[in-house]
Ligand code: PNS
């Protein structure tokens, strides 16, 4: 039985994330979505960890056996604590590859392998950061996030 961990900031979850989560859930026996409690220096979180977990929970009710939780510290320590055999990450484009490869190789060195899933082409340009920018500047994001996420983004960002 293979248990996988899909980590990320998910600030907020997009249809691109959801696509990777749905496909990963079909590939592995168990899947844990691990929401990072520590956004990187370049990414200040718009939603709290609890809100990000709640939003993922709301849009993944159709996926059986999925667990959504948060983690702090090293991802490999979380994987060991949760008995995850593998990390699964979506890759959108070549631009993602360098950084993801670096992390995957460091995590492999620390004992946990990574499997990359190519993002479906219709979501290859999609990122949470870009969505937040578009909403802040009055643009339209229908179809790029689940409707409940769209509502929360608009409430939070639209002046
Ligand atoms: O949504 P993101 O930005 O792709 O998520 C990045 C995340 C949270 C998966 C990554 O920054 C991470 O694994 N952080 C945990 C700290 C850690 O283990 N760092 C060493 C990675 S080699």
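Readers should treat all values here as calculations from the given coordinates under stated rules, not as data from a laboratory. Since this is a predicted model, take the numbers as computed values, not measurements. All Cβ positions, even for glycine, are placed from backbone atoms using ideal geometry, and neighbour counts span all protein chains on display.
Name the shape class, rounded, prolate or oblate, that the alpha-carbon gyration tensor gives for the stretch 25-131, where a ≥ b ≥ c are the square roots of its eigenvalues, rounded holds for a/c under 1.5, and otherwise prolate holds if a/b is larger than b/c and oblate otherwise.
rounded
Based on DSSP H segments of at least four residues, each scored -39500 (n - 2.57), the chain has a per-residue ellipticity at 222 nm of -13000 deg cm²/dmol. By its C-alpha gyration tensor, with a ≥ b ≥ c as the square roots of the eigenvalues, how is the stretch 1-86 shaped: rounded for a/c under 1.5, else prolate for a/b larger than b/c, else oblate? Here the stretch 1-86 falls in the oblate category. Here the relative contact order of the chain, from alpha carbon pairs under 8 Å that lie six or more residues apart, stands at 29 percent.
Which peptide among 9-20, 128-139 comes first, and what is the full order, when sorted by highest mean count of other Cβ atoms within 10 Å?
With the highest mean Cβ count within 10 Å placed first, the list reads 9-20, 128-139.
Once both labels are positioned 7 Å from their Cα atoms along Cα-to-Cβ, the gap between residue 100 and residue 124 label points is 1.2 nm.
Taking Cα atoms only, the orientation of helix 49-59 departs from the longest principal axis of the chain by about 90 degrees. A simple spin-label model places pseudo-atoms 7 Å from Cα toward Cβ; at residue 110 and residue 154 they are separated by 4.0 nm. When its C-alpha radius of gyration is set against 2.2 N^0.38 Å (N residues), the stretch 85-135 gives a value of 1.31. Between helix 147-157 and the chain, what is the angle of the helix's C-alpha long axis to the longest principal axis, kept within 0 to 90° and rounded to the nearest 10? The helix 147-157 is inclined about 70 degrees to the chain. Gain on full extension, evaluated as 0.36 nm per residue between residue 147 and residue 80 minus their Cα-Cα distance, stands at 20.7 nm. Note that the stretch 108-159, at 25 °C in a medium of 0.890 mPa s, gets a Stokes-Einstein diffusion coefficient of 188 µm²/s from its Kirkwood radius over C-alpha pairs.
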